[in-house]
1. Relative to the first principal axis of the alpha-carbon coordinates of chain B, what is the inclination of helix B:325-353, with its axis defined by its Cα atoms, in degrees from 0 to 90 and to the nearest 10?
2. Averaged over its residues, how many other protein chain Cβ atoms are within 10 Å of peptide A:185-198's Cβ atoms?
3. Suppose a student asked you for the relative contact order of region A:101-228, using Cα pairs under 8 Å spaced at least 6 residues apart; what percent would you report?
4. Based solely on its DSSP helices, what 222 nm [θ] is calculated for chain B when runs of n ≥ 4 H residues each add -39,500 (n - 2.57) and the sum is averaged over all residues, nearest 500 deg cm²/dmol?
5. Report Rg/Rh for region A:153-254, rounded to two decimals, where Rg is the Cα radius of gyration and Rh the Kirkwood radius.
6. Taking the mean number of other Cβ atoms within 10 Å as a proxy for protection, how do you rank B:84-95, B:333-344 from highest to lowest?
7. Could you work out, for chain B, what percent of all Cα-Cα pairs fall into each 10 Å distance bin, beginning at 0 Å and stopping at the bin that holds the largest distance?
8. What are the equivalent ellipsoid semi-axes of region A:3-250, built from the alpha-carbon gyration tensor (square roots of five times its eigenvalues), in whole angstrom, biggest first?
């Protein structure tokens, strides 16, 4: 039983960059800023490639929705071992309108078209931290979902997934086809070897528009304001626990 | 003349055995066109590196961040880094044979990828380890890759590219650093073997190396035509690696003084033609200097960036040190110089890919790199004040590590002499006098 795996990878601002809020307070500065693949998506790609190496998967297809530069993200996935890529082109100007629901609709449509049996995405993107795409994709496909996966094993026709939840670890079984979202401890992504980086150039990336998949980018969300987190204030020392409790109550913290 | 024709084809420059090495004759028209096309392509895109170069760099940086940088402070303290371990990791990822022949495990990519690799290597948080890696990739192996026999490439090049063997370059001696032609180590023919006697000094990777690319005198005759490059296994009896040389910087890199006492090695270990060793080494130096200078770019960038960060937070007389015009103007000037060096490196690389002789440009690059590697850390250290001098931090480490650039791999003075030779300003009297003196004393 050999599956086709569809993996979503998003191009986001690199985790090491110091983020600056735009003057219009409706977003952050992205021009000239270093971008790379969302770290959780790297973990997703790695897991898919490992499934192929274990001969559980027969093909890994990497998908990215975004402007022209999203192809760089797909090439990184190809260099890590994905077989081919799909670039759903969204012009830079319209990127702000892209919401998790749109991506979910796109992924659901592609999963059907490509006859994928497993969709893996990062649990959330480090720019909007939505943590919604995997769940909505599963709902649109009416497939089971296994989110925050920290371990993935295939048993006959099913996946045994260990999930990281607030209370600890939860192990569930889901029937295939299914949607999985990867959490931090699922694996340690490989660095692309130079021979694979060179081979990736020959792998195919299909290009299409959201409209080709019957998806339009109608807005459901409106960004009202983007601000910096409050700067850390100086602390104060108190003499005893009672004073501490009083102060916390006065400032409305408890 | 057969030698000259072969060299022209392999190296891509026209070599006239009558002329001195520096007076390289012009390249053929088709190669010049290719070289100009390379530069034009770069100018058209505005960016020197393509997406694949950038992917190479980001993959290498990831490897460095995971496998190397977390250990640098400890390795610097111990004055040792595990070369076999680190090189194997790099070799497995395909980074040790970027421009080397595919038949021996390399990737056969053009030199632009090697320069991209070198620039990314500089993100290692010290100077010693990038230097050690560059010896492996671009200082001790180019001649073997270009001129060595299939037997030598199979025996030495393949495992070096794979990261299974560590290599060192044996050229310098206590009595002959800049004066490469004046080395004394000899490799005298005895039947099918060579018997090596002599010593080498300041050998990077000397203690950990499995083999050495050795330059030795293999015959009598003019000193530019009597030497050979030899692949020497370092476990051969008679090789004495004695004391560790303690340096003021580059601590994690092991530097050895090595003695050879009747060391026996097969004559088939000579790379290419006997007597061509000096020429091959001069060619090897060009790659060493180009790569070595490219490695300096990232540390210089980071030195300036770290200093900007520090001085923006450190307050003096009520305001950040950075607010003083002398400080931010100096840092801007230094950043300008580093960018100028970067552009010169890219230009020389583009021309080299196109088959041009870039000896003059490379000498200028090495000279400039050496100067900047003193100016930038020195100026930045001043702005760090007491903190820079007392703490084991990146700037103070660079101050020590980068001082070597003006000295090793071709001292500033030698670079100046080369540039003068091309300019026709080097007095001829001085050189012929030196030659006569040396011939008299031999």
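Bear in mind these aren't lab numbers, they're just calculated from the coordinates by the rules spelled out. As the structure is a computational prediction, the values presented were derived from the model and not from experiment. Note that we place each Cβ from the backbone using ideal geometry, even for glycine, and neighbour counts take in every protein chain shown.
1. 30
2. Values: counts 0, 0, 0, 1, 1, 4, 13, 9, 6, 16, 6, 4, 12, 8.
The mean count of partner-chain Cβ atoms within 10 Å per residue comes to 6.
3. Details: 176 pairs, mean separation 31.9, N = 128.
Once normalised by length, the contact order is 25 percent.
4. Working: 15 runs with 221 residues, N = 442.
Calculated from helices alone, the mean residue ellipticity at 222 nm is -16500 deg cm²/dmol.
5. Working: Rg = 25.3 Å, Rh = 21.6 Å.
When Rh is taken as the Kirkwood radius, the ratio is 1.17.
6. Values: B:84-95: 19.9, B:333-344: 15.8.
Packing order, densest peptide first, comes out as B:84-95, B:333-344.
7. Histogram of Cα-Cα distances, whole percents per bin: 4, 20, 31, 27, 13, 4, 1, 0.
8. Numbers: eigenvalues 227, 117, 68 Å².
One finds semi-axes of 34, 24, 18 Å for region A:3-250.
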